[in-house]
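Participant: Sharing a structure here in structure tokens format.
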2 protein chains.
Amino acid sequence: MNKAMQELRRLEKKLYALQYAQNVIEYDDATVAPPESYEGRGEAVAELSAFEHALMTGETLPRLLEEVKKEPLSEQEAAEVEELSRRYRRISCVPAEEYAEFSRLTTRAMSAWEKAKAASDFSLYQPYLEKIVAARRRFAALLDPDKAPYDVLLDQFEPGLTMETCDRFFGELREVITPLIRRITEEGKKPDTSFLRGPWSLAGQRKLSDRVMEVMGIDRAHCTIGESEHPFTTEFYKGDVRITTHYFEEDMASSFYSVVHEGGHALYELHIADRLMGTCLAGGVSMGLHESQSRLYENNIGRSLPFVRAVFPSIQEIFPEQLSGVTAEEFYKAVNVAEPSLIRTEADEVTYCLHIMVRYELEKQLIAGTLAVGDIPAEWNRLMKEYLGVEVPCDRVGCLQDVHWCSGDFGYFPSYALGTAYAAQIADAMRRDFDLDAAVERGELSAVSSWLAEKIWQYGKEKSPAWLIKNACGAPFDPHYYTDYLVKKYSEIYELD
Amino acid sequence: MNKAMQELRRLEKKLYALQYAQNVIEYDDATVAPPESYEGRGEAVAELSAFEHALMTGETLPRLLEEVKKEPLSEQEAAEVEELSRRYRRISCVPAEEYAEFSRLTTRAMSAWEKAKAASDFSLYQPYLEKIVAARRRFAALLDPDKAPYDVLLDQFEPGLTMETCDRFFGELREVITPLIRRITEEGKKPDTSFLRGPWSLAGQRKLSDRVMEVMGIDRAHCTIGESEHPFTTEFYKGDVRITTHYFEEDMASSFYSVVHEGGHALYELHIADRLMGTCLAGGVSMGLHESQSRLYENNIGRSLPFVRAVFPSIQEIFPEQLSGVTAEEFYKAVNVAEPSLIRTEADEVTYCLHIMVRYELEKQLIAGTLAVGDIPAEWNRLMKEYLGVEVPCDRVGCLQDVHWCSGDFGYFPSYALGTAYAAQIADAMRRDFDLDAAVERGELSAVSSWLAEKIWQYGKEKSPAWLIKNACGAPFDPHYYTDYLVKKYSEIYELD
């Protein structure tokens, strides 16, 4: 290995350690930290970020990135250099003081958003959001003045993603989903969900989480499950991944599918190749591709009849009282009810992407400068009515529901929808290689994980999302797999003819 | 504030953040980390230590320590400079390669010790321990060639402590404790402990932990309780302290008194003055003084009749079946049984310090070079017989029981005994200021914590242990408070006349 590359690896190790520390601190915060312990944590995290910032912007990194190219590099080394160069460009294009100012702004915005949401009063949040939008537009122009700013932002969450792709993708989706929802609502036979009401003991739900992780083949020696306000997955290292869930006494399906979803994220991280550990390529490649793995497990597998058939006996065993007279088929239909609603995170498979589209349309215009922040509430409500047919009674359950914009994460939402659509295409490719339904119904999910590990997981960030989709599916991304899947599945469940 | 001092403060903030990260990682490791996740953690911790080492040994710190003295300093600033100078001397006197080599050695020693303990075979551990003893002797000579090496080591855990003090202290202790144990064993009336056998539900014990923390006045918004193999306390920051405990189904007293003990450590950390936060003076001043606070709560208060009277109704309410016919007085006596035994961590108040003395005698000779590592087992067994009257059947429950020497912590053990003795003197001083027993029996432990916060806790590392003892007790350390306390308490419990 050439000398500059060796030095780069040492720098990557340092970045890894700082990221490790920050992830543990965040995980601790979300799971077991004392409720009023934010002060010391905030100071520590700020200092650790400063260490990271210093490493990324010091004179060493650009020098090494130049030197390293003078000698031949292996494929992995070249990918490392490219990833580091990308990160370097992104961080070094913003002057340090502006970077720090933006970080202070988002901290204040977070607390303003919390107050605004509690009071359902957008005006408390508006001045902060205006500054955030302005900063994001500016940073995008600094990073790449030749591209449309929103394309620059999309690329940060999903390398290669553009508005052109999104517009086509969401256009096709709307064309299929809107009439599908109308048919479901008007002609569909709504499944019985009365038996899902509970109450469901937390002890029973915890036991079910263990069972689900076992069926999914998640190695508990390397992955634990914690409890937090919102379920999430974090990886400290390949051999140390954590998922969390949230148990509700009145709703067991919520945690059940959170565990399947987060379990998908965890399996991805647990199967990245050893050779990438400690380098900047360890970790899932993009938000969209990560989400495709969690959605694949949650929806395409988890909410399929074969999977429900595989685990329903365990669920029934844990909750005999609530489920004695219920069949796997009835349970399957009940957890697949589709209904337009106000809150994205509670949306079903059919309506979910429409929630994303509302956000996409707003973001696109905000970043292009064609929509004023003050006009968000009215535009949000108009789009919710147009796409989902629902009236938004107040901003708390409308445009104030999501945290993402507080931290300046414009361009993030589309990756959720993209991941969902990737998942359908990946499931289809899998079916061409083996009998997915039969394997799942037998509880043999190792067939799924070996396939994904080979085609996608092992590569970490070494390959682009587009390369990985092509590698797994034999063709570039195509949204029709997703729309076909939705129409077929929901026509059956709702007995549409 | 002078400019060099401002720079020092910035450096202290960085050190704080690195320490914060390492403490969170350690806490996570001991409580919820997946069982086989050590690899990534080990690499991250090594990198974070390297950051810390670089900050402590770089050219900045010695330069600032020189510059800062050119202008007047406040009392706190002077204490910060002294503490940093002390740490700098300690770390910079050892060449970096030797430091790294020692760190690798202790990692290997730890795993050798685990194997040796499991097999009860000292020879597996001996070669590592020989190297550790040699390294510790060498480091002590590098740090201060004019002092006896073991005095140098004692001073690291308890600033100012010397062999002379220890010899006098332990001498006095032995003179009182040895005959006291003989009388307890030969003439004493042993309390009934049959009702302590359990089983005690873990859910009930968890509820009791909450109750104990409430009685102690521990603010749960800033202090949580976790579960780990061995109970411990760690502080990330003043407003973020964690204690842990270990529940045993067959022994509720173990966790009960662990919580009281760790709660004492936690209260100390929770009451350090705000002005010290983020500086090198945040945190308890020494091992001995820290232990004095936990022992004070555990023994002088927790194992007193007034405290048992205050909490026994709650214990009885949680465990009505096991304790229906038992009185507070009977419970008090049962948790104060004294009996010579093999294992230090399970020893009672009377015999505890004798376990420490065995280790002290061995350490003193090992570091002086008058005892060979190979002779430890025989000498251990001889001293256990002489001091405690017990026969050691094998090294697993003998000289292989403690982890401390693996990490080179020679000079640590005496601080446990010293803390225990400090506690008795502090309790005596408290009694002169207010009616301690009455306050405790009413469950008003805020009287205790306000007194300790004012006299000791607020100062963090700003004052020396000796200063703090004098400030709290009005006189220097004097072991007779401890021996008087033991004789009085145990004469009553065992009805000696």
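Participant: So which of A:A50, A:A44, A:A33 ends up being without any contact (Cβ under 8 Å) to a residue 12 or more places away in the chain, in a helix (DSSP H, G or I) and at the interface with another protein chain (Cβ under 9 Å from one of its Cβ atoms)? Talk me through it step by step, then tell me what you get.
Facilitator: On the way: A:A44 fails: without any contact (Cβ under 8 Å) to a residue 12 or more places away in the chain; A:A33 fails: in a helix (DSSP H, G or I).
Step by step, each of A:A50, A:A44, A:A33 is checked, and only A:A50 is without any contact (Cβ under 8 Å) to a residue 12 or more places away in the chain, in a helix (DSSP H, G or I) and at the interface with another protein chain (Cβ under 9 Å from one of its Cβ atoms).
Participant: Okay, next question. Could you check B:T245 against (1) more than 11 Å from chain A (Cβ to nearest Cβ); (2) surrounded by fewer than 22 Cβ atoms within 10 Å (Cβ to Cβ) and say which number it fails?
Facilitator: Every listed condition holds for B:T245 apart from (2).
Participant: May I ask you to list the residues in region B:454-468 that are touching a Leu at 6+ places or on another chain (Cβ under 8 Å) and assigned to a helix (DSSP H, G or I)?
Facilitator: Restricting attention to region B:454-468, the residues satisfying the condition of being touching a Leu at 6+ places or on another chain (Cβ under 8 Å) are B:455-457, B:459-462, B:465, B:468.
Listed by number, the residues that qualify are B:K455, B:W457, B:Y459, B:P465, B:L468.
Participant: A follow-up question, please. So which of B:E75, B:E7 is in contact (Cβ under 8 Å) with a residue 60 or more places away in the chain, more than 26 Å from the chain's Cα centre (by Cα) and closer than 23 Å to B:A273 by Cα?
Facilitator: Criteria check complete, one pass: B:E75.
Participant: Looking only at region A:414-446, which residues are in contact with an Asp or Glu (Cβ under 7 Å, 6 or more places away or on another chain) and free of Cβ contacts under 8 Å to residues at least 60 places away in the same chain?
Facilitator: Answer for region A:414-446, where residues must be in contact with an Asp or Glu (Cβ under 7 Å, 6 or more places away or on another chain) and free of Cβ contacts under 8 Å to residues at least 60 places away in the same chain: just A:Q425.
Participant: Between a first residue in region A:213-234 that is within 11 Å of chain B (Cβ to nearest Cβ) and a second residue that is of a type in the set (D, E) and not in a helix (DSSP H, G or I), which pairs have beta carbons less than 6 Å apart while being 6 or more apart in sequence or on different chains?
Facilitator: Close Cβ pairs satisfying both conditions: A:A221/B:E36; A:H222/B:E36.
Participant: I would also like to ask the following. For region A:237-249, name all the residues that are part of a loop (DSSP other than H, G, I, E, B) and modelled with pLDDT under 95.
Facilitator: Within region A:237-249, A:K238, A:G239 meet the criteria.
Participant: How many residues, within region B:85-141, are hydroxyl-bearing (S, T, Y) and touching a Leu at 6+ places or on another chain (Cβ under 9 Å)?
Facilitator: Total meeting the criteria: 6.
Participant: Additional query: Among the listed residues A:E39, A:E7, A:E97, which satisfies the condition of being at pLDDT below 95 and over 30 Å from B:V32 (Cα atoms)?
Facilitator: The conditions single out A:E97.
Participant: Of everything in region B:123-146, what is aliphatic (A, V, I, L, M), touching a residue at least 60 places away in the same chain (Cβ under 8 Å) and over 13 Å from B:W113 (Cβ atoms)? Give them in sequence order.
Facilitator: Of all residues in region B:123-146, those aliphatic (A, V, I, L, M) come to B:124, B:129, B:132-135, B:140-143.
Those left that are additionally touching a residue at least 60 places away in the same chain (Cβ under 8 Å): B:129, B:132-133, B:135, B:140.
Selection gives B:V133, B:A135, B:A140.
Participant: To continue, here is another question. Inside region B:262-274, can you point out the residues that are part of a loop (DSSP other than H, G, I, E, B) and surrounded by fewer than 24 Cβ atoms within 10 Å (Cβ to Cβ)? Break it down into steps so the answer makes sense when it comes.
Facilitator: Within region B:262-274, the first condition is being part of a loop (DSSP other than H, G, I, E, B), and the residues that meet it are B:271-273.
Once the filter is applied, which keeps residues that are part of a loop (DSSP other than H, G, I, E, B) and surrounded by fewer than 24 Cβ atoms within 10 Å (Cβ to Cβ), region B:262-274 yields B:H271, B:A273.
Participant: Kindly list the number of the only condition in (1) open to solvent by 10 Å² or more (accessible area, probe 1.4 Å); (2) among the small types (G, A, S); (3) within 30 Å of A:K115 (Cβ to Cβ); (4) in contact with a Pro (Cβ under 9 Å, 6 or more places away or on another chain) that fails for A:A372.
Facilitator: (4)
Participant: Further question: Hey, any hits in region A:54-72 for a residue that's open to solvent by 20 Å² or more (accessible area, probe 1.4 Å), more than 26 Å from the chain's Cα centre (by Cα), small (G, A, S) and away from chain B (no Cβ under 11 Å)? Can you show your working first?
Facilitator: Let us first name the residues in region A:54-72 that are open to solvent by 20 Å² or more (accessible area, probe 1.4 Å), namely A:54-55, A:57-60, A:62-63, A:66-67, A:69-72.
Imposing the further condition that a residue be more than 26 Å from the chain's Cα centre (by Cα) reduces the set to A:54-55, A:57-60, A:62-63, A:66-67, A:69-72.
Then keep just the ones that are small (G, A, S); that gives A:54, A:58.
In the following step, the residues that additionally are away from chain B (no Cβ under 11 Å) were identified as A:58.
Yes, region A:54-72 has at least one match.
Participant: Taking the conditions exactly as written (open to solvent by 20 Å² or more (accessible area, probe 1.4 Å), out of contact with any Pro (no Cβ under 9 Å at 6 or more places or on another chain) and on the phi < 0 side of the Ramachandran plot), does A:W467 satisfy them or not? Steps first, answer last, please.
Facilitator: Numbers: open to solvent by 20 Å² or more (accessible area, probe 1.4 Å): yes; out of contact with any Pro (no Cβ under 9 Å at 6 or more places or on another chain): yes; on the phi < 0 side of the Ramachandran plot: yes.
For A:W467, the condition - open to solvent by 20 Å² or more (accessible area, probe 1.4 Å), out of contact with any Pro (no Cβ under 9 Å at 6 or more places or on another chain) and on the phi < 0 side of the Ramachandran plot - is met.
Participant: Could you tell me whether any residue of region A:84-92 is touching a Phe, Trp or Tyr at 6+ places or on another chain (Cβ under 9 Å), modelled with pLDDT under 95 and either open to solvent by less than 40 Å² (accessible area, probe 1.4 Å) or in a helix (DSSP H, G or I) (or both)?
Facilitator: The answer is yes, given that some residue of region A:84-92 is touching a Phe, Trp or Tyr at 6+ places or on another chain (Cβ under 9 Å), modelled with pLDDT under 95 and either open to solvent by less than 40 Å² (accessible area, probe 1.4 Å) or in a helix (DSSP H, G or I) (or both).
Participant: Tell me, which residue of region A:408-441 that is in a helix (DSSP H, G or I) and open to solvent by 40 Å² or more (accessible area, probe 1.4 Å) is farthest from A:V133 (Cα to Cα)?
Facilitator: My answer is A:E441.
Participant: Any chance you could count how many residues in region B:378-401 are open to solvent by 20 Å² or more (accessible area, probe 1.4 Å) and closer than 19 Å to B:P127 by Cβ?
Facilitator: Adding up the residues that qualify gives 4.
Participant: Residues of region A:350-407 being among the acidic types (D, E) and either touching a residue at least 12 places away in the same chain (Cβ under 8 Å) or at positive phi (or both), which ones? Give the derivation first.
Facilitator: Applying the first criterion (among the acidic types (D, E)) to region A:350-407 yields A:361, A:363, A:375, A:379, A:386, A:391, A:395, A:402.
Scanning region A:350-407 gives A:E361, A:E363, A:E379, A:D395, A:D402.
Participant: Follow-up. When you look at B:T234, is it out of contact with any Lys or Arg (no Cβ under 8 Å at 6 or more places or on another chain) and assigned to a strand (DSSP E or B), yes or no?
Facilitator: Considered against the rule, which asks whether it is out of contact with any Lys or Arg (no Cβ under 8 Å at 6 or more places or on another chain) and assigned to a strand (DSSP E or B), B:T234 comes out as no.
Participant: Also: May I ask you to list the residues in region A:1-24 that are more than 10 Å from chain B (Cβ to nearest Cβ), open to solvent by 30 Å² or more (accessible area, probe 1.4 Å) and in contact with a helix residue (DSSP H, G or I) (Cβ under 7 Å, 6 or more places away or on another chain)?
Facilitator: Across region A:1-24, the qualifying residue is only A:E7.
The values are calculated or read from the model by the stated rules, or taken from the named source; none is laboratory data. Given the structure is predicted, the values throughout are model-derived calculations rather than measurements. Cβ sites come from the backbone with ideal geometry, for glycine too, and all protein chains shown count toward neighbours. Please note that ligands, DNA and RNA were not included when accessible areas were found on the heavy atoms of the full protein model with its side chains. Shrake-Rupley method; radii C 1.70, N 1.55, O 1.52, S 1.80 Å.
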